[in-house]
1. Taking the simple approach of a point 7 Å from Cα along Cα-to-Cβ for both E120 and D102, what is their distance in nm?
2. If the label point is 7 Å along Cα→Cβ of S93, which residues in the range 55-87 have backbone nitrogen under 11 Å from it?
3. Using unit Cβ charges (K, R positive; D, E negative) and no other charged atoms, how large, in debye to the nearest 20, is the dipole of the range 63-128 about its Cα centre?
4. Would you work out what percent of the accessible area of the range 22-85, with all protein chains in place, is carbon or sulfur (probe 1.4 Å)?
5. Any chance you could run the full-extension gain for S127 through E144? It's 0.36 nm times the residue separation minus the Cα-Cα distance, nm to one decimal.
6. Rolling a 1.4 angstrom probe over the protein chains, ignoring ligands and nucleic acids, what is the accessible area of K126 in square angstrom, nearest 10?
7. Rolling a 1.4 Å sphere over the protein heavy atoms, what is the accessible area per residue of the range 76-145, to the nearest Å²?
8. Round to the nearest 0.05 the FRET efficiency obtained for S27 and L86 when R0 = 35 Å and r is the Cβ-Cβ distance.
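The values are calculated or read from the model by the stated rules, or taken from the named source; none is laboratory data. Fair warning: this is a prediction, and the values are worked out from it, not measured in the lab. So basically every Cβ, Gly included, is an ideal-geometry build from the backbone, and we count neighbours across all protein chains shown. What goes into the accessible areas is simple: the full protein's heavy atoms, side chains included, and nothing from ligands, DNA or RNA. Shrake-Rupley method; radii C 1.70, N 1.55, O 1.52, S 1.80 Å.
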Amino acid sequence: TKLILYTATGTKSILGDVELWPVLTKSNWEKLESIQTATIKKFMGLPVTTSSWEVLAETGIWPITATIENRRLMIMHKLINGKDRLAKHILDSQMKREYEEDSWYSRTIEIANKLELSMELKGMPKSEWKRRIKKATTKAIQDEVEKEIKTKKKQRFLTSFKEKGVIPYEITEIFKSA
């Protein structure tokens, strides 16, 4: 129940619309990660000293950075394939000025490159783009977990990161009957 509550409200309340910010500093990222893991630990009744990666791996919750990056990439798809709106014109303008390092577009392209995603989005179905992002993000998270296992003694019990089905069938049935 606690994980259901967190996934339904926690991420949205932590993030707001941060995925729309052009630039997040290292300090911003660290603060967001700290808030995320502190919130999950509190929800789950875990000691604050519990390893953040263990909590994320056991719950199957993506790190906040992965969530934000996922949202940015989905917004990019929506803007490229969506209706003619002001936001689309702003994106087009930023795409023409690729040299600007601190634009929303250039930062989003950096994310796509890091995840080794092709940005050929014109006409691509949303479901296909979403599937590609999820696959690439899950691989990146798994690589990060493996790095943590090798470098940190506290992570010795971690084996892998795997998204868990947060809402078991029984709970879904209870909600349906209520």
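1. 3.5
2. It comes to 86-87, nothing else.
3. Details: 12 positive and 11 negative charges, 77 e Å.
The calculation lands at about 380 debye.
4. Carbon with sulfur: 58 percent of the solvent-accessible area.
5. My answer for the length gained is 3.6 nm.
6. Result for K126: roughly 130 Å² accessible.
7. With all protein chains present, the range 76-145 gives 67 Å² per residue.
8. Numbers: r = 31 Å, r/R0 = 0.87.
Once rounded, the FRET efficiency stands at 0.70.
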